[in-house]
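Let me begin by presenting the structure, written as structure tokens, before commenting on it.
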Amino acid sequence: MDTIKAFWDSFDDAVRKGLCIALSIVMLFSTGYITGALTNMSRTVEAPETTTQAPAVQVDATTTTTAAPATTTTAAPETTTTAPAPETTTAAPSDAPETTTAAPSAGTMSTEEIITLFNDSANKIKTTAKRATRNYQDMKINSLEVPSALQALADGAIEKFVKPNMTPEVYEGTEAVKEKYPVSGTDFASKLKAEYVDTITCTDNGTEYVIDIKLKDQLNPVYRSGEGVGSIFWTMNIDDIANNAPGFQSAELSYYNCTATAKIDKATGNMTYSKFNYNFDMDITIKMLGTLNAKAALTVIEEYVIEY
């Protein structure tokens, strides 16, 4: 049960309810199963730091969210490429020639070098960031298929519970940041590898690097493994669905068009901004008073500002 609690805790209460209702659990409202399931799906993190609501931190990235259809990818904020940062001169002993050092040019970085830069800066968040602000968490159900007799109930539940949460949340202190920042509940923010990447680019904005990533699509990623989509995104666990859906028969989770954007300060190597956009389909079959099937296509978008 700890894993399912961790998953639900990574979303807001209304979103957690919406997820349940949007999938096979919506079929169980009339039988009373849903009430007990929702009662036990939240978790309190015991840490000296606290989570508070605060005004959104202003960033130069675009913060307006448009929930993308299930078959499209939300574009990362446009960035302007400028010349690399001016070279700096390192003083050498008087009897040796002067040498100069400079930040690497984004245009000359290999895929592996960009991935290393992203991993190093992302994982610093979990160990050194003093504060992370989630500016918003947007969730959209792009489509929902349930038995026709339950369609009206499902539509009404989605309208009531599945709403964007545009209220900023501040995670204060390293423990709160480690627990809440993606991948939430783990000690890593990225285990990205070249084999997981569809496309990756790095743009030099003079004082910062902007990295845009599109991951390869994946069916049934392994929960908290740090592999594939799960290398930088939270993923659901089929075992959790099986343990919490009465009459469970089977489930498939298909992740696609998953993208991330990050800004990294060139002087410090600190990631100061990140945005995650992921789409996934859920196909669940349960057996209760006959075999029932539910399908849902969802888009989740989150934006963070990180301070050190």
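Converting phi to 3J(HN,Hα) with the Karplus coefficients 6.51, -1.76 and 1.60 and the offset θ = phi - 60°, the range 279-286 yields 10, 8, 9, 10, 10, 10, 10, 10 Hz in sequence order, with x at every glycine or proline. Shown in residue order for the range 291-297 are the 3J(HN,Hα) couplings computed by the Karplus curve 6.51 cos²θ - 1.76 cosθ + 1.60 at θ = phi - 60°: 8, 10, 10, 10, 10, 9, 10 Hz (x for Gly and Pro). Shape analysis of the range 160-245 places it in the oblate category; the axes a ≥ b ≥ c from the Cα gyration tensor give an a/c of at least 1.5, with a/b not above b/c.
Extension gain for the segment TYR308 to THR127, taken as residue separation times 0.36 nm less the Cα-Cα distance, is 64.1 nm to one decimal. Taking 20 °C and 1.002 mPa s as conditions, the range 174-308 diffuses translationally at an estimated 131 µm²/s according to Stokes-Einstein applied to its Kirkwood radius (Cα pairs).
Taking label positions 7 Å along the Cα-Cβ direction at both ASP155 and SER110, the computed distance is 5.6 nm, reported to one decimal. Each label point was placed 7 Å from the Cα along the Cα-to-Cβ direction; for SER250 and ALA194 their separation is 3.7 nm.
Values quoted throughout were computed directly from the atomic coordinates according to the rules given, and no laboratory measurement underlies them. Quantities reported herein were computed from a predicted structural model and do not represent experimental measurements. Every residue, glycine as well, gets a Cβ built from its backbone with ideal geometry; the counts of neighbours run over all protein chains shown.
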